[in-house]
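One structure below.
The values are calculated or read from the model by the stated rules, or taken from the named source; none is laboratory data. Note that the structure is a prediction, hence the values are computed from the model and not measured. No Cβ is skipped: glycine too gets one built from the backbone with ideal geometry, and neighbour counts run over all protein chains shown.
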Amino acid sequence: MKTPAQYESDVLFFFEGKPLELSLYQELFRRMEQRFPEASVKVQKSQISFYGRHLFAAASLPVRRKKSWPEHCVVVTVGLSRQMESSRVAVAVEPYPGRWTHHILISEESQIDDELLEWLEEAWAFAESKR
């Protein structure tokens, strides 16, 4: 995966004071790097974005945490052409017709599984199909 020169320090700053979330993100990145070696990643103020030709996924920390959410988690966001029907989806919105944004909470490394990676692959394909 293509990373900018300051990637490591930017990630450490992004997750400063949140070692559990950092560990979850590092595992997510490791698994994504295997599946999307041609992708690039950019650490921003509110999220870490993953790109092919277009943005296809992001990782972030919860901003507005619901009471039922785990205390320590990373939010993985994917954009798809359809609404996913899964109990793993914490929030799904359709910002405009035919484009659904899904937020999935990851609180354990075991949740970075084949199902999540399949959703990321679907998001990659959907993003790559855009003009």
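Observations
- Test result for SER107, in contact with a Leu (Cβ under 9 Å, 6 or more places away or on another chain) and exposed (fewer than 11 other Cβ atoms within 10 Å of the Cβ): no
- Hits in the range 83-107 - residues which are free of Cβ contacts under 8 Å to residues at least 40 places away in the same chain, closer than 26 Å to SER23 by Cβ and out of contact with any strand residue (DSSP E or B) (no Cβ under 7 Å at 6 or more places or on another chain): SER86, SER87
- Residue check for ARG30: surrounded by fewer than 13 Cβ atoms within 10 Å (Cβ to Cβ) and of a type in the set (Lys, Arg): yes
- Matching entry among LEU24, LEU80 (being under 15 Å from the mean Cα position of the chain (by Cα) and touching a residue at least 60 places away in the same chain (Cβ under 8 Å)): LEU24
- Among the residues of the range 90-107, the one identified as in contact with a helix residue (DSSP H, G or I) (Cβ under 8 Å, 6 or more places away or on another chain) and part of a loop (DSSP other than H, G, I, E, B) is SER107.
- Enumerated strands (runs of 3 or more DSSP E) restricted to the range 30-89, each holding at least 3 residues that are among the aliphatic types (A, V, I, L, M) and modelled with pLDDT of 95 or more: 55-60, 74-80
- Applying the set (1) assigned to a strand (DSSP E or B); (2) under 13 Å from the mean Cα position of the chain (by Cα); (3) farther than 20 Å from GLN26 by Cβ to GLU118 leaves exactly one unmet item: (1).
- Of all the listed residues (SER68, SER60, SER49), the sole one being surrounded by fewer than 16 Cβ atoms within 10 Å (Cβ to Cβ) and not charged (D, E, K, R) is SER68.
- Boolean, LEU61 is in contact with a helix residue (DSSP H, G or I) (Cβ under 7 Å, 6 or more places away or on another chain) and either at negative phi or not acidic (Asp, Glu) (or both): yes
- Residue that is surrounded by the fewest Cβ atoms within 10 Å (Cβ to Cβ) [pool: residues in the range 110-128 that are among the acidic types (Asp, Glu) and closer than 14 Å to PHE50 by Cβ]: GLU128
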